[in-house]
Amino acid sequence: MSGFKANFMWGGAVAAHQLEGGWQEGGKGVSVADVMTAGAHGVAREITDGVIAGKNYPNHDAIDFYHRYKDDIKLFAEMGFKCFRTSIAWTRIFPLGDEAQPNEAGLQFYDDLFDECLKYGIEPVITLSHFEMPYHLVTEYGGWRNRKLIEFFVRFAGVVFTRYQHKVKYWMTFNEINNQANYHEDFAPFTNSGLKYQPGEDREPVMYQAAHYELVASALAVKVAREINPALQIGCMIAMCPIYPLTCAPDDMMMAMNAMHRRYWFTDVHVRGKYPRHLLNYFARRGFKLDITEEDRQALAEGCVDYIGFSYYMSFATQATADNPELDYDESKSLVSNPYVQKSDWGWQIDPVGLRYSLNWFWDHYQLPLFIVENGFGAIDVRESDGTVNDQYRIDYLAAHIREMKKAVVEDGVDLMGYTPWGCIDLVSAGTGEMKKRYGFIYVDKNNDGSGTLARSPKKSFSWYQNVIQTNAEYL
Ligand code: P53
């Protein structure tokens with residue numbers, strides 16, 4: 001017995017905008033992902049004003065899953081996937097976001113996609129908003145700084161819950177809703193919330209306001225789901241990078257605690273249906289006056305999630321400094337390098353033990369079922385002359401994380417539903433827009449410049465993961 005439940009949900013995870021392509025097919029509208037150019041490690045993706053001719057927008061064609069999904073799902077089935085996590089591109093269902101009626105061609109696409117999964121006994125696990133909200137909602141409404149978006153999102157959620165209730169049981173509302181804790185950079189505010197800041201604007205309260213509207217929208221979506229079909233399970237989705245103190249100096253410990261408060265309060269609201277006192281006190285200290293109504297509070301209390309989905313790639317470390325007497329966490333300034341762990345080529349700190357720690361942290365705080373819906377190693381793969389990819393480093397990364405996951409379940413007693421490694425097929429990186437930052441068990445012949453045949457081929461990790469699933473990770 002490996003310790004994982006017999007019905008443990010092994011699978012893989014992707015997001016619509018990172019693999020589908022077909023950005024204008026079937027009536028699809030322009031999403032925020034469609035106006036982001038390709039960047040690189042240390043080179044931010046440019047967010048353009050609309051789509052500008054001549055620029056490289058890697059999400060437009062991505063890996064053409066829109067046309068090739070049948071072949072790809074067949075490969076997932078061959079690996080033995082029990083589930084497949086993807087997102088519904090909001091812009092396929094509501095191309096502009098504020099329409100009264102949905103787009104039937106978009107709805108039909110996901111019907112066909114889910115049918116194809118179910119044909120192999122693969123259960124779809126669906127994110128409603130994964131960095132791909134309609135761009136029209138940015139230009140016309142200012143993104144999630146506008147309360148009107150609650151209504152648009154809840155309408156979208158209601159339509160897809162109704163349509164797919166007998167095909168999809170597990171849902172998540174907002175992907176990595178807490179990325180926007182990093183509000184000084186342009187990426188997370190835009191991908192999470194469609195926020196574009198004015199020069200000199202005080203970004204922080206705008207981020208809190210947008211996050212509040214999203215949390216209310218999420219809670220209302222949970223309520224709608226329960227009315228449509230009480231069997232539906234709705235989770236949140238948190239980007240978990242546990243933040244360690246650099247040393248055991250008491251101020252470093254307090255700094256780490258504050259950092260955890262500032263990055264993970266989103267989970268408190270999703271799970272407990274109310275704001276933690278430390279955050280309300282922080283708003284007061286900073287003089288942030290947010291639009292939080294009594295109806296909002298009621299909605300939050302009534303729309304608590306059923307499970308916690310989270311991504312885990314890396315841990316962070318922080319340190320108290322003399323110029324920060326309140327020990328306030330600012331993600332763009334407060335992180336330091338952890339000397340005890342290795343880093344990926346993109347500077348992500350590799351820390352399998354941090355996954356066990358994270359599972360315990362969530363379980364101790366919330367006692368809700370946990371679902372690791374992303375984990376993985378973005379790396380440059382080399383294809384040998386015979387076409388094989390010997391990605392032993394990826395196997396080593398995943399194996400080390402699964403071993404820690406097992407300890408959390410077997411020794412620590414955490415309730416873990418499943419594990420879906422990120423980018424199970426190579427796709428466009430969210431952070432950089434690159435193809436060369438690969439995560440897949442399946443290689444896709446496509447390069448950063450857009451060249452390549454798009455042919456799929458299994459890497460060494462493909463049969464390794466197939467074996468992991470087959471044995472329920474008993475021999476790891
Ligand atoms: P990429 C930052 C930190 C942790 C996870 O990321 C993150 C990000 C944003 O880059 O994103 C999640 O592609 C996200 C996926 C994304 C994946 O992690 O930058 O949910 O969409 O592709 C990996 O290497």
Handout entry: Ranked order, 398, 454 - accessible area, probe 1.4 Å, largest first
Key = 454, 398
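Grab the beta carbon distance between residue 386 and residue 451, set R0 = 25 Å, and tell me the FRET efficiency rounded to 0.05. Display every interim value, and only then the final one.
Numbers: r = 21 Å, r/R0 = 0.84.
E(calc), rounded to 0.05, equals 0.75.
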Handout entry: Note, ³J(HN,Hα) from phi for the range 165-170, Karplus 6.51, -1.76, 1.60, rounded to Hz, x at Gly and Pro
Key = 4, 8, 10, 10, 9, 9
Completion exercise
Rounded to whole angstrom, the alpha-carbon centroid of the range 180-218 lies from that of the range 113-174 at a distance of 20
Problem - Estimated distance in nm for a label pair at residue 343 and residue 476, the labels positioned 7 Å out from Cα along Cα-to-Cβ - result: 2.7
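Send over the semi-axes of the range 9-471's equivalent ellipsoid, whole angstrom and largest first, taken as the square roots of 5 times the C-alpha gyration tensor eigenvalues. Walk me through the intermediate numbers first.
Values: eigenvalues 185, 148, 104 Å².
So the three semi-axes of the range 9-471 are 30, 27, 23 Å.
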Completion exercise
Note to self: C-alpha centroids of the range 38-79 and the range 417-434 sit apart, in Å, by 11
Problem - Burial ranking of peptide ranges 150-158, 194-202, 417-425 (average Cβ count within 10 Å, highest at the top) - result: 417-425, 150-158, 194-202
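Placing +1 at every Lys and Arg Cβ and -1 at every Asp and Glu Cβ, with all other atoms neutral, what dipole size does the chain have around its Cα centre, in debye to the nearest 20? Can you show the working numbers first?
Values: 46 positive and 61 negative charges, 133 e Å.
Rounded to the nearest 20 debye, it is 640 debye.
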Problem - Within straight-line cross-link reach of residue 437, lysines at Cα separation under 16 Å, skipping those fewer than 8 residues along the same chain - result: 343, 446, 459
Handout entry: Rounded accessible area per residue of the chain, 1.4 Å, Å²
Key = 38
Problem - Most to least packed among 403-414, 362-373 [average Cβ atoms within 10 Å] - result: 362-373, 403-414
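Using per-residue counts of other Cβ atoms within 10 Å, averaged over each peptide, order 342-349, 230-237 from highest down.
Working: 342-349: 14.6, 230-237: 21.0.
Top to bottom by mean Cβ count within 10 Å: 230-237, 342-349.
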Fill in the blank from the handout: Dividing the mean separation of Cα pairs under 8 Å (6+ apart) by the residue count of the range 290-442 yields a relative contact order in percent of 24
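The values are calculated or read from the model by the stated rules, or taken from the named source; none is laboratory data. Since we're looking at a predicted model, the values are computed, not measured. When we count neighbours, we look across all protein chains shown, and the Cβ atoms used for this are built from the backbone with ideal geometry, even at glycine. Only protein heavy atoms, including side chains, enter the accessible area calculation; ligands, DNA and RNA are left aside. Shrake-Rupley method; radii C 1.70, N 1.55, O 1.52, S 1.80 Å.
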